[in-house]
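Here the structure comes first, spelled out in structure tokens, and everything after it is commentary.
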Amino acid sequence: MIKYTETHEWLAADGSEVTVGITQFAADELGEIVFIELPEVGADVTAGTEVVVIESVKAASEIMAPVAGTVTAVNEELVDNPGLVNEDATAAWFFRMTVTDPGVLDGLLDEDAYRARIGA
């Protein structure tokens, strides 16, 4: 199940485990990404708090935790090659986490609602 946030993150859910990245729309808006700072594995995050920092040639941006939980893995490949996000944002995930309350995923956007939000 793929869900989306109003702030252009995607979440691929498998039970209480989710993989988080940004949408291609967000990557295109940012432009060429040159730096990504990922969270620490084991970090407990609260929904709405900064969890990833992205720098592009246009601007710096933060990714907020879309849901509360514990970070279980990070995509270290992005540290050395942040441009992977520009190449394929859906494949270039940032982190995985165990969600505290999987029910909150029901409140996120499905693909149709997200496409309507970005006018696609």
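Worth pointing out:
- Of the criteria (1) in contact with an Asp or Glu (Cβ under 6 Å, 6 or more places away or on another chain); (2) open to solvent by 50 Å² or more (accessible area, probe 1.4 Å), which one Pro66 fails: (2)
- Breaking point among (1) open to solvent by less than 60 Å² (accessible area, probe 1.4 Å); (2) under 15 Å from His8 (Cβ atoms), for Glu111: (1)
- Restricting region 14-38 to residues that are surrounded by 18 or more Cβ atoms within 10 Å (Cβ to Cβ) and in contact with a Pro (Cβ under 9 Å, 6 or more places away or on another chain), the residue that is farthest from Thr72 (Cα to Cα) is Ile33.
- Residue check for Gly103: part of a loop (DSSP other than H, G, I, E, B) and open to solvent by less than 80 Å² (accessible area, probe 1.4 Å): no
- Members of region 20-52 that are under 14 Å from His8 (Cα atoms), in contact (Cβ under 8 Å) with a residue 40 or more places away in the chain and not in a helix (DSSP H, G or I): Val20, Gly21, Ile22, Thr23, Val52
- Number of the exception - Ser61 against (1) at pLDDT 95 or above; (2) polar (S, T, N, Q); (3) open to solvent by less than 50 Å² (accessible area, probe 1.4 Å): (1)
- Only a single criterion out of (1) of a type outside the set (A, V, I, L, M); (2) under 11 Å from the mean Cα position of the chain (by Cα); (3) open to solvent by 50 Å² or more (accessible area, probe 1.4 Å) is not satisfied by Trp93, namely (3).
The values are calculated or read from the model by the stated rules, or taken from the named source; none is laboratory data. All figures in this text were calculated on a predicted structure; none of them were measured in a lab. Positions of Cβ are generated from backbone atoms using ideal geometry, with glycine treated the same way; all protein chains shown enter the neighbour counts. Heads up: the accessible areas ignore ligands, DNA and RNA and are worked out on the full protein's heavy atoms, side chains in. Shrake-Rupley method; radii C 1.70, N 1.55, O 1.52, S 1.80 Å.
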